[in-house]
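Colleague: First, the structure itself, so that you have it in front of you.
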Amino acid sequence: MPSHRSSSGKRVEEEQELEDGDFVKTSYESRPVPIPDDFLTKEPHDARPITVQEIDWSRTKLPENKDRYAVVLDHVLSPSECETLLRMAEESVADRGKSGTRTWRPALVNVGGGWEALDKEYRNSDRIIWDNQAIMDRLWERCARADGIREKLAALTIQRGRGEPRRWEFSRFNQRMRFLKYTGGQFFRPHCDGPYAEEKDGKYYETYYTVHLYLNDSVAEVENDASGQPEVDLVGGATSFLSADSERKVDVNPRAGRVLIFQHKGLYHSGDDVVQGTKYTMRTDIMYVMKSNGG
């Protein structure tokens, strides 16, 4: 069971509502969930061809991002696969509280030292965290079907300060899936994503790209799609890339099965307020392994 204490040092019991400033020592335990053998390995009945569109910042309101990478992949998952993934995520929740039915909990902000805090003025949504490398491997193989994606993400050369340039090679999608649920009035205020790093078996890994998978449609996307999608009620909730003063923006709207991949560094963005309905997404990162100078 997660351990809780308030900002004043008072312990917060599991079934009590957290308040802004409360700190939580979170355990990411999950219960086993059977993964169908054909999930993301075979074409579902409602599959559509994957399309890829790299964001050409020079043609947007944010030309200063011209050297920064972001790409939108559509139809990576079908609507039925999105529903299955969301159902499995809810089934994975181990600690359901005293009621035995609670699955979603408030999304928290990492404050270091193994603690997270509730800050509803900055981040206001609910969350499920589920570690499953098998699903992430399958998701990567789906994404890699898109033209040029495997080659584009294969390797990076990074120089820090006055040090020697280092080559980093694609390792995997991070096993940690952060499922997010936004309802009316909820949001994620502007920020840049930070890297996650780990050392394992003498190798050093670090993330450089964010992966967002949208799990349901928004009105904005259905209005632009003439394929006869069923009625939806999600209004708002775009991922908005922003200028430094937040005066200019480029929106990526939720669409079931859409994957947005973008570099951590320098891409200031927000999760816009949900005006109506519910938004479901899953976020992870791309792990790279550091190679020696000689490769």
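Colleague: In what sequence, highest mean first, do 95-103, 40-48 appear when ranked by Cβ atoms within 10 angstrom? Present the calculation step by step, with values, prior to reporting the outcome.
Modeller: Numbers: 95-103: 10.9, 40-48: 12.7.
Listed from highest to lowest mean packing, they are 40-48, 95-103.
Colleague: Looking at the square roots a ≥ b ≥ c of the eigenvalues of the Cα gyration tensor of the chain, which shape do they give, rounded for a/c under 1.5, prolate if a/b is larger than b/c, or oblate?
Modeller: Numbers: a/c = 1.29, a/b = 1.11, b/c = 1.17.
Verdict is rounded for the chain.
Colleague: To the nearest 0.05, how large is the calculated FRET efficiency for residue 120 and residue 292 if R₀ is 45 Å and r is the Cβ-Cβ distance? Don't jump to the answer; show the numbers that get you there.
Modeller: On the way: r = 45 Å, r/R0 = 1.00.
FRET efficiency, residue 120 to residue 292: 0.50.
Colleague: May I have the extent of the alpha carbons of the stretch 163-253 along their three principal axes, as whole Å values ordered from largest to smallest?
Modeller: Dimensions of the stretch 163-253 along the principal axes of its Cα atoms: 51, 32, 25 Å.
Colleague: How much accessible area does residue 84 have with a 1.4 Å probe, in Å² rounded to the nearest 10?
Modeller: Roll a 1.4 Å probe over it and residue 84 shows about 40 Å².
Colleague: For the stretch 184-272, report the accessible area per residue in Å² (1.4 Å probe, heavy atoms, rounded to an integer). If you can, show how the numbers build up before the last one.
Modeller: On the way: 3980 Å² over 89 residues.
That works out to 45 Å² for each residue.
Colleague: Here is a follow-up. Excluding same-chain residues fewer than 8 positions from residue 265, which lysines have a Cα within less than 21 Å of its Cα?
Modeller: Result set, ordered by chain and number: 61, 66, 152, 249, 291.
Colleague: Would you work out what percent of the accessible area of the stretch 26-109, with all protein chains in place, is carbon or sulfur (probe 1.4 Å)? Let's see the in-between values first.
Modeller: Numbers: 2340 of 4740 Å².
Of all accessible area on the stretch 26-109, carbon and sulfur atoms account for 49 percent.
Colleague: I'd like the carbon and sulfur percentage of the solvent accessible area for the stretch 116-273, probe radius 1.4 Å, heavy atoms only, ligands and nucleic acids excluded.
Modeller: Values: 3130 of 7420 Å².
Looking at the stretch 116-273 in its full context, I get 42 percent from C and S.
Colleague: Hey, another quick one. Taking the Cβ of residue 189 as the center, what net charge do the other residues with Cβ under 12 Å away carry, scoring Lys and Arg +1 and Asp and Glu -1?
Modeller: Working: positive: 120, 123; negative: 119, 121, 272, 273.
Counting the neighbours of residue 189, the net charge comes to -2.
Colleague: Further, regarding this structure: Accessible area per residue, 1.4 Å probe, Å², for the stretch 68-130: what's the number?
Modeller: Working: 2500 Å² over 63 residues.
With all protein chains present, the stretch 68-130 gives 40 Å² per residue.
Colleague: Then there's this: For the full complex of protein chains and a 1.4 angstrom probe, list 59, 123, 162 by accessible area with the highest value first.
Modeller: Values: 59 200, 123 30, 162 240 Å².
I get 162, 59, 123, largest accessible area first.
Colleague: Summing Lys, Arg as +1 and Asp, Glu as -1, what charge do residues with Cβ under 12 Å from the Cβ of residue 211 carry, residue 211 excluded?
Modeller: Result for the neighbourhood of residue 211: +4.
Colleague: Which of the lysines could be linked to residue 120 by a straight reach, that is with a Cα gap under 22 Å, when you skip same-chain ones fewer than 8 residues away?
Modeller: 10, 25, 181, 279
Colleague: If you wrap a convex hull around the C-alpha atoms of the stretch 68-155 and split its volume per residue, what is the figure in Å³? Walk me through the numbers before you get to the answer.
Modeller: Working: hull volume 16.0 nm³, N = 88.
Roughly 182 Å³ of hull volume per residue.
The values are calculated or read from the model by the stated rules, or taken from the named source; none is laboratory data. Small disclaimer: the values here were computed from a predicted structure and weren't measured. All Cβ positions, glycine included, derive from the backbone under ideal geometry; neighbour counts span all protein chains shown. What goes into the accessible areas is simple: the full protein's heavy atoms, side chains included, and nothing from ligands, DNA or RNA. Shrake-Rupley method; radii C 1.70, N 1.55, O 1.52, S 1.80 Å.
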